[in-house]
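Only the coordinates and a few stated rules stand behind these numbers; no lab work does. These numbers were taken from a predicted model, which means no experiment stands behind them. Cβ atoms come from the backbone with ideal geometry, glycine included; neighbour counts cover every protein chain shown.
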Amino acid sequence: MSVVSVRDVSKTFGSGHTAVTAVDHVSLSVDAGDIVLVMGPSGSGKTTLLSMIGTLMSPTTGRILISGQDTSALDPAQLSRLRLREFGFVFQTFNLLSALTAEENVMLPLLTAGVPRKHARAKARAALEQLQLGHRLRNLPRDLSGGEKQRVAIARSLANDPRLILADEPTANLDAKTGQDVTLLLCETACRENRAVIIVSHDQRLRTAAKRVITIEDGRLTAEEPGEHDRNCRMHPEAAPA
Amino acid sequence: MLFLAVKNLVQEKTRLLISVGGVAFSVLLIMSIQGLYQGWSNKIGEYIRTVPADYWITQTGATDMFHTPSVLPLTVRDFLTGVPGVASAKPFSGRRVAFAHNGKDINLYVIADDTENNVGAPARVVEGKAVPESGEIIIDRVVGRSQDIRIGDTIPVAGRELKVAGYSEGGYILSFSFAFATKEDAESILQLPGATNFFLVTVQDGTDAGAVASRIEANPAVDAITKDRFVENNTNIVRDTFLPIILVLLLIGIAVGMTVIGLTIFTSTIEKAREYGVLKAIGVSNRQLYTVVVAQAVTAAVLGYLLGAGLALATSAAAGSFVPEFITEIRWLDAAWIFAVTLGMAVVSSLLPVRRLARIDPAEVFRA
């Protein structure tokens with residue numbers, strides 16, 4: 001069963017002669033372990049598609065199934081629980097909570113899901129240490145570099161062991177080297193743990209991390225090609241040495 | 001989610017201070033006014049409670065010592081002592097007398113200290129003579145301090161010059177206070193020849209007091225009022241005078257507290273709208289988010305309450321020593337209902353931020 005199944009989905013904003021179709025009859029399946037890069041120019045509908053897959057926006061027509069469950073049949077509370085359980089989000093601007101330390105930011109989804117505080121802390125700590133942030137546990141976001149913030153965001157997105165990670169322009173606010181490192185880190189983690197990843201980006205360099213590259217223009221999927229993941233991911237024996 | 005509420009509050013220290021300060025001011029206002037009301041209510045009844053009587057006998061229609069005049073001929077005593085079940089009936093004379101002293105208006109409620117009948121003595125004498133002699137008067141210490149009247153001074157009471165012989169305590173009632181003169185001096189001041197204001201009746205042990213009162217009230221010229229009821233009637237003067245003022249100040253206090261908490265939490269919610277959007281996106285339910293906002297308001301309110309209550313206690317103690325008329329009594333019961341009002345304020349003032357929170361679109365988080 002696919003982790004995500006997008007079936008003939010469209011999204012139209014406004015009505016009448018001012019209506020704008022942001023996503024136009026898109027169908028797409030993403031399986032566990034898939035790393036899908038969605039590319040396209042600004043205004044092509046990438047982020048709208050990501051928002052709908054992430055159940056933050058409902059389609060005008062068509063259906064989206066998450067692990068076989070039709071999201072249109074769920075009420076807002078059920079959608080919240082679905083997001084908490086099934087999704088991890090990585091944002092362009094990191095979106096860490098400014099009042100919380102790195103450790104607390106990672107603990108937040110765990111606590112929301114009802115994990116006891118002690119276990120949540122241990123798990124957050126382990127996740128951050130795995131991302132080489134063991135020395136930054138008690139730091140507030142303002143004291144972290146861009147790369148560190150994005151690694152904290154990745155740790156947070158993985159906290160509840162989601163089946164799908166949705167990343168929106170994860171490298172946009174990072175320098176080239178940090179961006180590449182962070183993306184590889186995300187993809188390696190997903191690969192190792194067999195999670196599905198959908199990345200929306202303009203950044204052509206992310207092809208190196210993706211297994212599939214999908215192009216979207218004017219709301220329509222116009223092309224799909226294989227990415228270069230297997231050549232670069234250190235989880236694969238055929239990967240080129242760094 | 002409580003930890004997030006606390007972290008948000010602590011992160012914005014200035015806003016927290018404003019919020020806590022607003023609630024503290026509100027609690028200080030409410031608690032001080034309530035303390036004054038309670039203090040004055042108690043004071044007005046304090047002396048009357050010490051007067052030895054089961055029933056106060058008044059002229060028909062009179063219900064208290066201050067608002068409804070009562071004058072009874074001394075012959076009523078014969079009627080009262082003849083009523084089966086009455087153990088004793090003693091005259092009690094007293095009324096308000098106003099005069100000027102050192103350029104200030106002074107109001108005393110002069111009571112005849114009838115040593116013969118053992119009626120009309122001060123509740124507690126704290127300085128000077130306990131029993132006035134002819135030409136002397138005992139005044140309340142609060143009046144002595146506030147009007148700078150010292151023991152040995154002479155004051156003009158209803159045309160008579162009386163020497164202050166002592167200070168009593170527990171007889172200060174807002175704008176006037178109880179004072180005690182000899183029976184003869186009081187009669188001269190009060191101008192009650194052959195009459196008194198009340199009779200104090202005690203009932204024989206083992207007698208049905210209600211039945212005795214009914215027998216007394218068979219006389220159409222008098223009413224028999226139980227001691228507790230008489231205390232309450234007099235205390236109601238404070239309630240009737242001050243309750244509307246207290247209610248207005250209470251509403252002002254609540255409005256100030258709610259406005260300050262509401263605005264600070266609302267602006268905080270607006271500023272953190274994106275973060276709340278992130279929380280919604282990662283799966284935090286609206287209910288959990290509301291809990292964060294309400295917890296922030298409640299935490300600020302509890303801190304404000306503690307500060308305000310502490311200030312109210314300190315202010316009452318300090319003000320009482322500088323301004324003798326500032327008589328307060330802050331009871332646990334009052335502290336409890338003010339705490340409940342404070343929590344109510346916090347919850348109500350969260351409604352606006354919660355409404356704003358409900359409208360935050362989590363999809364916004366994907367916008368850079």
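Okay, here's what the table says:
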read-out: Amide H contacts of residue B:195 (H built 1.01 Å from N, under 5 Å, at least 5 apart or other chain); value: B:74
read-out: 10 Å Cβ neighbours from other chains, averaged over peptide B:283-289; value: 6
read-out: Sorted by Cβ neighbour density within 10 Å, fewest at the top, the residues B:68, A:21; value: B:68, A:21
read-out: Å³ per residue enclosed by the Cα convex hull of chain B; value: 171
read-out: 24 Å Cα cut-off, lysine pairs counted over chain A (separation 8 or more, or different chains); value: 7
read-out: Dmax and Rg, reported as Rg then Dmax, of the range A:1-103 (C-alpha, Å); value: 15.0, 49
read-out: Lysine pairs within chain B, Cα separation less than 29 Å, 8 or more sequence positions apart or different chains; value: 23
read-out: Share of Cα-Cα pairs in the range A:16-57 lying beyond 18 Å, as whole percent; value: 35
read-out: Rounded tilt (10° steps) of A:146-158 against the dominant C-alpha axis of chain A; value: 70
read-out: Cα-centred dipole magnitude for chain A, charges only on beta-carbon of K, R (+1) and D, E (-1), debye, nearest 20; value: 860
read-out: Ranking of B:332, B:40, B:56, B:337 by count of other Cβ atoms within 10 Å, fewest first; value: B:332, B:337, B:40, B:56
read-out: Chain B - mean residue ellipticity at 222 nm from DSSP helices (-39,500 (n - 2.57) per run, n ≥ 4, rounded to 500); value: -18000 deg cm²/dmol
read-out: Peptide-level mean, for A:155-161, of C-beta atoms on other protein chains within 10 Å; value: 1
read-out: Volume of the Cα convex hull of the range B:1-62, divided per residue and given in Å³; value: 171
read-out: Average other protein chain Cβ within 10 Å of Cβ, residues B:353-364; value: 2
read-out: Sorted by Cβ neighbour density within 10 Å, fewest at the top, the residues A:47, A:61; value: A:61, A:47
read-out: Test item: Cα-centred dipole of the protein assembly as shown, Lys/Arg +1 and Asp/Glu -1 on Cβ, debye; value: 2200
read-out: With eigenvalues of the C-alpha gyration tensor scaled by 5 and rooted, chain A, Å; value: 28, 22, 17
read-out: Using a Förster distance of 45 Å, the FRET efficiency for residue B:246-residue B:131 (Cβ separation, nearest 0.05); value: 0.70
read-out: Whole-Å distance, taken between Cα centres, linking the range A:146-208 and the range B:200-253; value: 80
read-out: Selected from B:158, B:130, B:250, residue furthest toward positive end of dipole (chain B; charges at beta carbon); value: B:250
read-out: Convex hull projection area averaged over all views, the range B:275-368, Cα basis, nm²; value: 8.2
read-out: Computed FRET value (nearest 0.05) for residue B:332 with residue A:25, which takes r as the C-beta separation and R₀ as 51 Å; value: 0.15
read-out: Helix-only mean residue ellipticity at 222 nm for chain A, each DSSP H run of n ≥ 4 adding -39500 (n - 2.57), per residue, nearest 500; value: -10000 deg cm²/dmol
read-out: Extension gain (nm, one decimal) between residue B:151 and residue B:321, 0.36 nm per residue minus Cα-Cα; value: 59.2 nm
read-out: Translational diffusion coefficient (Stokes-Einstein; Kirkwood radius from C-alpha pairs) of the protein assembly as shown at 37 °C, 0.692 mPa s, in µm²/s; value: 107
read-out: Span-rule helices in chain B, defined as complete DSSP H runs reaching 18 Å or more along the axis (Cα) with Kyte mean at least 1.0; value: B:227-271, B:286-322, B:332-349
